[in-house]
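Visitor: Sharing a structure, written as structure tokens. Questions coming.
The values are calculated or read from the model by the stated rules, or taken from the named source; none is laboratory data. Because the structure is predicted, anything quoted here is derived from the model rather than measured. All Cβ positions, glycine included, derive from the backbone under ideal geometry; neighbour counts span all protein chains shown. SASA here: full protein model, heavy atoms, side chains in, ligands and nucleic acids out. Shrake-Rupley method; radii C 1.70, N 1.55, O 1.52, S 1.80 Å.
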Amino acid sequence: MSLIDALRRALERAQRRIWVRVIASIVVIAAGLLIFGRAAWQGQAFIDRFLEVRDALVSDEAHVWAVDLLENGRAEIGGAFIELDPSIGENLITPEGEIRSVDELVAVMMAPLQPANVPSWLWKEPSVAWGMAAAAITTGLVAVWTGLIPLLVLLGVPAGLASWGLWLLGASEGALALSTAAVLLVLFHALTRMLMLGMELIGPAGAVAATVLRESGRSRVALAFVITLLILLPLLPLSLDTGAPLRHQVQSLLDRSLSLTFAMVAVMTMALGCSTIAFDIRDRHIWHLVSKPLGTHSYLAGKWLGVISLNAVVLIIGSTFAAAWTGYLRWSPPPDAMNSAADIAIVSDEILTAHAERTPDYPELDENEIRNRVEAILREDPEYAQYTDSVPPPRLVRVLREEVRDEYGMDQRRAESILNQSVDPWKSVTFSGLGDVREQLLSASGESLNLRLRFRLYGGSSDEHQRRLVGIAINGQLENGRAGAFIPTVRQQIMISPRAIREDGTLEVTFVNLTHWPVPAGINWQPADLRAITEAPPQRAPFAIVWEAQDIELLYPAGGFLGTYTRAMVVQWVKLAALSAVACFMATFLSFPVACLASLTILAGAALGPFLSQALGFFTPPPLQAVEGVGQTISWALDSFIRTIASTLVYLLGSFGEFTPIERVIQGRVIDWAMVGRSVLQLGLFWCGPLLLTGWWILRNRQLALYSGDS
Amino acid sequence: MVSKTTGSGTLVEAVGLTKVFRDFWMRSRARAVDDIDFTIHSGTIFGMLGPNGSGKSTTIKMILGLLRPTGGRLAVFGRPPTDVAVKRHIGFLPEESYLYRYLTPLETLDYYGQLFRIPRPERRRRAEELLEMVGLTAVAHRPVGEFSKGMTRRIGLAQALINDPELLILDEPTSGLDPLGTRQVKELLVELRSRGKTILLSSHLLADVQDVCDDMVMLYGGRIQARGTVDELLADTDHTLIKAPRLSSEVIEQIEGVLQKAGVGIESVESPRQRLEDLFMDIVEKARAAQMATSGALSGGETAEFLRTDGPEDEAEALLEQLQREAPQVESAPARAAAEAQEAKAQEKAQQDALMSDLTKEEAPAADPTEASSGGPDAGMIEGLLDGGDDETESKD
């Protein structure tokens, strides 16, 4: 028996004694209060003092203290003295005692009073620090009272010592990563134990679910994924480009950590969902289970519940990590980050605020107009001359109607080059129903509309790597328009004042295709220059700018980050629940490897749903009438077969890929409860329901003691 | 010979029970169980004896609802075997203990206890008592995956008892156990029977069945070859055994003389030998008294307290009545006419008589069935049966 093994056994024996648990609980509470509670308390005290000083210096008696500070280098505010270096004071206070910038003066005076030996990201938000204290103490107590003292000691002590050593050696990031990995591991076990206790209330299905959770912590299949994830997550921050703007760092961190968590959990779900049932059947554990008063429905439901509970645990860990590190990045921008103060503001406004979005109202052709245009095509296009005196086939009419509709739609989303003298080089789009948004934003001073846009080039010399000049005017006022350089295919944004929204709640935006690049000499990015640019001589070949319906959108603040983030994780969980149902269903009638393969194929199909849907638009076999010869017929049959399968896949699995909560979080878009409800309905009900019911039916009718394995 | 306590209720009833295994194309591959009838009464130990592949385990799996009968009628507590309600009263130990390797014995028992909705404190108590009983208290926190086969069997037996079942189904319960464990299992079975529990014991170890069973069937090739009580099957009405302290040759000659006068000769005179099992037990008891150390499973303790607590004497019958009230009876297979069943029984009786006749011709009589475990009347039969064997591939008996 190794030393560690002996120690583990000794700790296991010790933790069965109540007094050991009581002492460990006291240690946990003390440690939580010492680390997080102290930071919260000191942070709150600093902020209170800061506000007290600031309030004093904006009051009517401010000049008294200002003079004191200037003359004596200190002043008594709120019963305590605050000091100011006179050499700095001369720049901030006039000899007459007038404060030039209160905020700057308070910041300078309060800087030495900042809590020492406490990370700034921790004390700057005391409520978060208190939350972390509560979470840490709860986790610790759960660990102590659910038999995790050996883990706490055997993991916590070496990890703590190693982190301390790394810290002393100057590798603070490594120390942080190591200690974070240890914390995540303890968190994983503690959450799992908590859920297992809760499962006991559910009955036999809960017992099955609890055993799945236990299995996840002890069997190789799930444990490999969990440990890999818990090690990789803390290493992710090391991969960030610290020289990049803070916004990019935060977005990268959120993207990588949440995507990695989801990908790992998705694959783990497939593996665990398949293995936990397929191995029960293969290894005949199910003989024991079915001989107990456990219905097949309870068994299957328990397995599914166990897998989705594990998903919840890992998602909580991954999302907590991402949120905590985002907070850390937000308050502790690296020293080489560009324009850190402005960057922090951008992060707060664009990412850590949830935005609702609106797309323009694109006009559509009415039925008469469509019919007229189709008839015109049939009449004028020589290709359809044969139908001049006869009724065209319904299929042809359908195709032409689609073409007319598409062409009209594209025309609404295209601005011809200014060099194309035949048409106006601009296109206007209108957003409507913004009356409430206007009121809301005007009442919250400082908030603005965010116009996000992305252009593509169409025709002519369309080098997409160069910037193009596009003018943008609001509510048709070209003379007040503004020109900007846009990189085709890259999403960019413009801030618009809410006052631009008209009284009727509409906002019209005009895009002018100016074509020129580089900007003609002497022209600056001023509104009045737009007209001048249109009159400048051309320098490039003509091209049109086009955009898809979703490429132009107007965003406005509609909620906090935390709410949207939480709802995003719920949607992610629902997606994983759907995958769990797929895996459990497959394992009811397939062996482990085959079930895994089938489940992963479905995962891939589901994840690629939107792409497949788009690709299918370009993959249409020719009409059967146009097919000649055996070779073409075989090719047509094959194409039709593939298209049928792909269409079925898209139809069945499309909804999975439509929900992209991570993308929305990163882009600072709101996720409302309606979206959560839709995901529950589409994935939770329409996916999981039929799959689990079918799986139950299969298990119920399967003779479970028939086997062909050799275990 | 153990005493027999027979209740009047019928816990398991099979009529014309048949199981045919088919391949993917639905072609018949093996007839594992072929038209068998039997009844298990409450409060008895019912033995199912037969060589490997005779259909014992397949029958058990049908009783548990793990396999569906191809034909015939099977009722457990008067209900279909797949009915979840009847499983509340069944304990099952399969031929091998298919337990989760990553769970400890305590967790295993707790898990199965939860499936029976046993409250947590009671679960805990039963688990500890059972572990004490099967001698695994010292390894209660070690994963089952680290256990030897014997230890796994012990935990398997414990899980079968966690719900204090009315019907205990044991498939080769002593397989993998040392003589100490084997003896303990037998004693446990007898004790459970004395509490009115019903036990279905499947084994190919003749001594196991002979020592504890009241009724038994002997299976071969999926068919019942013999049936009856142990007394009925093993009684040798052609011989008389007189047991006395060791006699001198003179005395034996005198007895022979007396017998000759009565027209009877002595066939053989032997000094009885101690059974190996008794010798082994004696040695172990002495070693234990000398406190010699052992590793792994300790010898089991007393029967778990909750298993020793007497319930109402007519518990099984009350349960039967309750279950039968709650659910419709198992429907008879329409194809099975009563006349067919009667005819089959008559044929079976004829076969049994013939077999018994053969057995009594081949073997010397055993004065006490419990002393004939190694060379008793069954041995000749089993050896004969093993010569044939069968090719059933789907079910391992």
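Visitor: Evaluate the following for B:F21: is it open to solvent by less than 10 Å² (accessible area, probe 1.4 Å) and under 25 Å from B:E187 (Cα atoms)?
Guide: no
Visitor: Just to verify a result, which residue in segment B:37-74, among those that are of a type in the set (S, T, N, Q) and touching a Leu at 6+ places or on another chain (Cβ under 8 Å), is farthest from the other protein chains (Cβ to nearest Cβ)?
Guide: Within segment B:37-74, the match that is farthest from the other protein chains (Cβ to nearest Cβ) is B:S42.
Visitor: Just one of the numbered conditions (1) within 17 Å of B:F306 (Cα to Cα); (2) within 12 Å of chain A (Cβ to nearest Cβ); (3) open to solvent by 40 Å² or more (accessible area, probe 1.4 Å); (4) in contact with a helix residue (DSSP H, G or I) (Cβ under 7 Å, 6 or more places away or on another chain) is not true of B:D110; which one?
Guide: Of (1) within 17 Å of B:F306 (Cα to Cα); (2) within 12 Å of chain A (Cβ to nearest Cβ); (3) open to solvent by 40 Å² or more (accessible area, probe 1.4 Å); (4) in contact with a helix residue (DSSP H, G or I) (Cβ under 7 Å, 6 or more places away or on another chain), only one is false for B:D110: (3).
Visitor: Within segment A:659-711, how many residues turn out to be part of a helix (DSSP H, G or I) and more than 15 Å from A:V570 (Cα to Cα)?
Guide: 15
Visitor: Quick test for you: out of B:G150, B:G176, B:G181, pick the one residue that is touching a helix residue (DSSP H, G or I) at 6+ places or on another chain (Cβ under 7 Å) and part of a loop (DSSP other than H, G, I, E, B).
Guide: Within the list B:G150, B:G176, B:G181, the selection yields B:G176.
Visitor: Considering only residues that are part of a loop (DSSP other than H, G, I, E, B) and either open to solvent by less than 70 Å² (accessible area, probe 1.4 Å) or touching a strand residue (DSSP E or B) at 6+ places or on another chain (Cβ under 8 Å) (or both), which ones fall in segment A:439-458?
Guide: Matches in segment A:439-458: A:A444, A:E447, A:S448, A:R454, A:F455.
Visitor: Still on this model: When you look at A:A341, is it at pLDDT below 75, open to solvent by 50 Å² or more (accessible area, probe 1.4 Å) and assigned to a helix (DSSP H, G or I), yes or no?
Guide: yes
Visitor: Also: Take the residues of segment A:540-569 that are touching a His at 6+ places or on another chain (Cβ under 8 Å) and not in a loop (DSSP other than H, G, I, E, B): which is nearest to A:P488 (Cα to Cα)?
Guide: Ranking the qualifying residues of segment A:540-569, first place goes to A:L555.
Visitor: With (1) under 19 Å from A:R643 (Cα atoms); (2) modelled with pLDDT of 90 or more as the list, and A:L590 as the residue in question, which single condition is left unmet?
Guide: Exception for A:L590: condition (1).
Visitor: Given the conditions (1) more than 14 Å from chain B (Cβ to nearest Cβ); (2) in a helix (DSSP H, G or I); (3) more than 30 Å from the chain's Cα centre (by Cα), and given that A:H189 satisfies all but one, which numbered condition is not satisfied?
Guide: The single condition A:H189 does not satisfy is (3).
Visitor: Still on this structure, please answer the following. Quick test of your reading of the structure: A:P622 fulfils all but one of (1) open to solvent by 20 Å² or more (accessible area, probe 1.4 Å); (2) assigned to a helix (DSSP H, G or I); (3) of a type outside the set (A, V, I, L, M, F, W, C); (4) more than 24 Å from A:G677 (Cβ to Cβ). Name the failing condition by number.
Guide: So the condition that A:P622 fails would be (2).
A quick yes/no check of all residues on (1) open to solvent by less than 10 Å² (accessible area, probe 1.4 Å); (2) closer than 28 Å to A:H297 by Cα; (3) touching a Phe, Trp or Tyr at 6+ places or on another chain (Cβ under 9 Å):
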residue: B:L17; (1), (2), (3): yes, yes, yes
residue: B:I40; (1), (2), (3): yes, no, yes
residue: B:G55; (1), (2), (3): yes, no, yes
residue: B:M62; (1), (2), (3): yes, yes, no
residue: B:P69; (1), (2), (3): no, yes, no
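Visitor: Name the helices (runs of 4 or more DSSP H) wholly inside segment A:219-336 in which the number of residues that are closer than 27 Å to A:R567 by Cα, of a type outside the set (A, V, I, L, M) and more than 14 Å from chain B (Cβ to nearest Cβ) is 1 or more.
Guide: Those helices (runs of 4 or more DSSP H) span A:220-235, A:246-282, A:296-331.
Visitor: Further question: Which one of A:G170, A:G131 is of a type in the set (G, A, S), away from every other protein chain (no Cβ under 14 Å) and not in a helix (DSSP H, G or I)?
Guide: A:G170
Visitor: Looking only at residues in segment A:200-213 that are at pLDDT below 90 and at the interface with chain B (Cβ under 8 Å from one of its Cβ atoms), which one is nearest to A:F188 (Cα to Cα)?
Guide: A:E200
Visitor: Also, I was wondering about something else. Which of the residues spanning segment B:88-98 are open to solvent by 10 Å² or more (accessible area, probe 1.4 Å) and within 7 Å of chain A (Cβ to nearest Cβ)?
Guide: B:R88, B:Y98
Visitor: Within segment A:53-72, can you find the residues that are surrounded by fewer than 16 Cβ atoms within 10 Å (Cβ to Cβ) and either assigned to a helix (DSSP H, G or I) or at pLDDT 90 or above (or both)?
Guide: Those that are surrounded by fewer than 16 Cβ atoms within 10 Å (Cβ to Cβ) and either assigned to a helix (DSSP H, G or I) or at pLDDT 90 or above (or both): A:D55, A:V64, A:E71, A:N72.
Residue-wise test of (1) among the basic types (K, R); (2) open to solvent by 30 Å² or more (accessible area, probe 1.4 Å); (3) within 30 Å of B:Y112 (Cα to Cα).
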position	(1), (2), (3)
A:L230	no, no, no
A:L253	no, no, no
A:T261	no, no, no
A:I281	no, no, yes
A:V307	no, no, yes
A:T320	no, yes, no
A:L329	no, no, no
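Visitor: Right, here's the next one. Which condition number does A:I351 fail, the rest of (1) surrounded by fewer than 18 Cβ atoms within 10 Å (Cβ to Cβ); (2) in contact (Cβ under 8 Å) with a residue 60 or more places away in the chain; (3) away from chain B (no Cβ under 14 Å) being met?
Guide: Among (1) surrounded by fewer than 18 Cβ atoms within 10 Å (Cβ to Cβ); (2) in contact (Cβ under 8 Å) with a residue 60 or more places away in the chain; (3) away from chain B (no Cβ under 14 Å), A:I351 violates only (1).
Visitor: Another question, then. One residue is enough: does segment B:186-195 have a residue meeting the conditions in contact with a Phe, Trp or Tyr (Cβ under 9 Å, 6 or more places away or on another chain), closer than 30 Å to B:G150 by Cβ and in contact (Cβ under 8 Å) with a residue 60 or more places away in the chain?
Guide: Checked against the condition, which is being in contact with a Phe, Trp or Tyr (Cβ under 9 Å, 6 or more places away or on another chain), closer than 30 Å to B:G150 by Cβ and in contact (Cβ under 8 Å) with a residue 60 or more places away in the chain, segment B:186-195 yields no hits at all.
Visitor: Run down A:A133, A:A75 and say which single residue is touching a Leu at 6+ places or on another chain (Cβ under 9 Å), surrounded by 16 or more Cβ atoms within 10 Å (Cβ to Cβ), assigned by TED's automatic domain parsing to the domain that holds A:I47 and in contact (Cβ under 8 Å) with a residue 40 or more places away in the chain.
Guide: Selected residue: A:A133, the only one of A:A133, A:A75 that is touching a Leu at 6+ places or on another chain (Cβ under 9 Å), surrounded by 16 or more Cβ atoms within 10 Å (Cβ to Cβ), assigned by TED's automatic domain parsing to the domain that holds A:I47 and in contact (Cβ under 8 Å) with a residue 40 or more places away in the chain.
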